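Peer 1: Have a look at this one.
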Amino acid sequence: MSDNQPHFKEVLGQISRLIAVTTTVLLLVIVLIFVGILATDHVQEWDNLYLNSPEVTLSQKLTLENAVEYQSDEIKYGYELITNTDQLIGMSVDDSSMRYTGNVLRCSSCHLQGGTQSYGIALVGVTGRFPQFRGRENKEGTLSERINGCMTRSMNGIPLPEDGDEMKAMLSYISWLDDFFGEDASSISPGLKPIELPNRAVDLVRGETLFNKQCTVCHQSNGLGVASSDNSAASYIYPPLWGELSYNNGAGMHRVITAAQFIKFNMPFGITHESAVLSDEDAYDVAGYMNSHERPQRANLDLDFPDRKRKPMSTPYGPYADDFSIEQHKYGPYLPIAEYYKQAYQMTKKK
Ligand code: HEC
Ligand code: HEC
């Protein structure tokens, strides 16, 4: 008997420890379940309030990417082509017949957030503005032709076949953006927002200083950007601003005024037109500095703008309908050029 007593006590002790542990675990589980229920309830309640609120726009409810998931294959492909251009039709895709672009940019490198950013050259609302008269070709142009304008200049590539799957998909996506935003489409501002042009030429030294302060974290001091190490993503995390893998000299971004408008209201990346950090002068100088570097050259640019009066002032290649130097067209000052066009041709030039 005396032998058994400690043994019995041990068993009793073990049982009570077991009970204690089980109770604690059970209590914990109950608390967790309770917290869980409270949280889901809270999320559901918040979801209901949020989704049913007339104050909340469709675009805020659904992210673009989510919404695209529910669309046709053609729209999905168009979205992929715009946001992942280099992976699908870039210069290094496996299928050589699909190599249409000639650099590492994506359409969305400039048409920010898949073409949905106000004053970030949005693609929302574009469908309704085409066909339109285009000065560069001096004729009425379709949206496909406009896209191919960016293909051959901004993307330094070759035109997409007008009746091919890629062009059709891009057109479908761009047109679907209008449906996606519905009544809110008009709140997304098109194109680029004007800046006040300083009445002086670009100051390249000032531009370089600003560039080193505001841009090199991402685009690097050599301007060549940062390649991605993830093969499934875009080939560049930060796109090149000049050099062989950037836009060519016939691109709109190669005009100082256009680039300054883009930079002022969209860079450093993450800002919007409502939270710009650069002054107009800063953007002007940094745009000039960016465009003072080497980049791919496009042939036959002298044939652009057959009606030379229509050439934007900051087009950095001739011939022109005026006697200002190429240097002045490239770096300003622009106000004397604008004044000349007003006097000689009664034209108001802003870019
Ligand atoms: C290097 C920058 C850049 C890239 C990359 C680029 N674009 Fe553009 N795109 C521009 C600029 C600049 C304009 C003219 C904006 C202006 O003057 O208001 C423009 C205009 C357009 C327009 C007309 C917009 C309007 O409001 O009328 C369309 C459509 C377009 N681009 C499609 C594309 C597509 C599709 C791609 C990819 C295949 C692409 N772009 C790549 C810079 C770029
Ligand atoms: C925080 C990182 C970051 C900073 C800082 C930044 N950029 Fe960018 N920039 C980007 C990214 C990312 C893109 C492409 C956007 C996309 O693909 O969604 C871009 C695109 C561009 C483009 C159009 C695409 C191209 O390669 O030509 C230009 C031009 C540009 N940036 C100029 C500038 C300038 C000038 C500055 C400094 C004032 C600057 N950026 C600062 C990240 C940055």
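The values are calculated or read from the model by the stated rules, or taken from the named source; none is laboratory data. Keep in mind that this is a model prediction, so the values were computed, not measured. Here the Cβ is made from the backbone with ideal geometry for all residues, glycine too, and neighbour counts use every protein chain on show.
Peer 1: Could you go through the range 151-162 and let me know if any residue there is modelled with pLDDT under 95, among the polar types (S, T, N, Q) and either crowded, with 22+ Cβ neighbours inside 10 Å or not assigned by TED's automatic domain parsing to the domain that holds Thr315 (or both).
Peer 2: Taking the range 151-162 as the starting set, the residues that turn out to be modelled with pLDDT under 95 are none.
No: zero hits.
Peer 1: Right, something else. Pick out the one residue from Asp178, Asp165 that is surrounded by fewer than 20 Cβ atoms within 10 Å (Cβ to Cβ), charged (D, E, K, R), touching a residue at least 24 places away in the same chain (Cβ under 8 Å) and closer than 13 Å to Thr127 by Cα.
Peer 2: Just a single option satisfies the conditions, and that option is Asp178.
Peer 1: Only one of these is aliphatic (A, V, I, L, M) and assigned to a loop (DSSP other than H, G, I, E, B): Ala338, Ala276. Name it.
Peer 2: After applying the criteria, what remains is Ala276.
Peer 1: Okay, next question. Of everything in the range 186-216, what is within 14 Å of Ser292 (Cα to Cα), part of a helix (DSSP H, G or I) and more than 13 Å from ligand 2 (Cβ to nearest atom)? Give them in sequence order.
Peer 2: Those that are within 14 Å of Ser292 (Cα to Cα), part of a helix (DSSP H, G or I) and more than 13 Å from ligand 2 (Cβ to nearest atom): Leu204, Val205.
Peer 1: Here is a list: Ser246, Ser279. Which entry is at pLDDT 95 or above, more than 9 Å from ligand 2 (Cβ to nearest atom) and either small (Gly, Ala, Ser) or surrounded by fewer than 22 Cβ atoms within 10 Å (Cβ to Cβ) (or both)?
Peer 2: On inspection, the qualifying residue turns out to be Ser279.
Peer 1: Same structure, new question: Quick check on Gln220: is it in contact with a Pro (Cβ under 8 Å, 6 or more places away or on another chain) and either within 11 Å of ligand 2 (Cβ to nearest atom) or assigned by TED's automatic domain parsing to the domain that holds Ile337 (or both)?
Peer 2: no
Peer 1: Looking at the range 89-109 only, could you name the residues that are more than 14 Å from ligand 2 (Cβ to nearest atom), part of a helix (DSSP H, G or I) and without any contact (Cβ under 8 Å) to a residue 60 or more places away in the chain?
Peer 2: Passing the criteria: Ser96, Ser97, Met98.
Peer 1: Filter the range 121-138 down to residues that are surrounded by fewer than 18 Cβ atoms within 10 Å (Cβ to Cβ) and of a type in the set (A, V, I, L, M, F, W, C) and give me whichever is nearest to Tyr173 (Cα to Cα).
Peer 2: In this case the residue turns out to be Phe130.
Peer 1: Let me ask something else. Which is under 17 Å from Gly102 (Cβ atoms), in contact with a helix residue (DSSP H, G or I) (Cβ under 9 Å, 6 or more places away or on another chain), aliphatic (A, V, I, L, M) and part of a helix (DSSP H, G or I), of Met155, Met253?
Peer 2: Met253
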